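These notes are about the structure you will find just below.
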Amino acid sequence: MGDLAKRQYRVVAHRQIVAMGFGRSGIQHQITSGALYQLFRGVYAVGCASVSWRGRVMGAVLACGPEAVASHQTGAALMGIRPTSRALIDVTTPRSRHGQRGIEVHRVR
């Protein structure tokens, strides 16, 4: 899990953990032992509860599904086009997902 988390700014999605072979009890053990901290629904920070801004953006994208992307003000900030101080993270996805606290979901067809 460590290599994946390192590539993704220390965050992993539940579906990725399951794909690595962890079962429900294994994931729960990681949470109770302090190895995983819930960042968004279905997304965890690895090893520490706090992550960088890029880690929060990655977590928001992972929380919105495999076809989601960072967009709008958040996307512009990631590309270095325009800085943002906006608290919400903009994510665009073709799937009809409900938003989560801290994420502004934009839907496309």
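The values are calculated or read from the model by the stated rules, or taken from the named source; none is laboratory data. The shown structure was predicted, so the numbers you read here are calculated from the model rather than taken from an experiment. When we count neighbours, we look across all protein chains shown, and the Cβ atoms used for this are built from the backbone with ideal geometry, even at glycine. Accessible surface areas use protein heavy atoms only, side chains included; no ligands, DNA or RNA. Shrake-Rupley method; radii C 1.70, N 1.55, O 1.52, S 1.80 Å.
At-a-glance table
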item	result
Where Rh is the Kirkwood radius over Cα pairs, Rg/Rh for the stretch 19-86	1.06
Calculated [θ] (222 nm, deg cm²/dmol) that DSSP helices of n ≥ 4 give over the chain, each run adding -39,500 (n - 2.57)	-9500 deg cm²/dmol
Fraction of accessible area attributable to carbon and sulfur, the chain (%, probe 1.4 Å)	52
Net charge, Leu78 excluded, C-beta distance under 14 Å - Lys, Arg +1, Asp, Glu -1	+3
Derived scalar couplings ³J(HN,Hα) [the stretch 29-39; Karplus, 6.51 cos²θ - 1.76 cosθ + 1.60; whole Hz; x for Gly, Pro]	4, 4, 5, 5, 7, x, 7, 10, 10, 5, 9
Under 5 Å, built H, 5+ apart or other chain: amide partners of His106	Val91, Thr92, Thr93
Cβ crowding within 10 Å averaged over residues, with 48-61, 71-84, 2-15, 20-33 ranked highest first	48-61, 2-15, 71-84, 20-33
Per-residue ³J(HN,Hα) for the stretch 52-60, Karplus 6.51 cos²θ - 1.76 cosθ + 1.60, θ = phi - 60°, Hz, x for Gly and Pro	5, 4, 5, x, 5, 5, 4, x, 5
The stretch 4-55, accessible area per residue, ligands and nucleic acids excluded (1.4 Å, Å²)	60
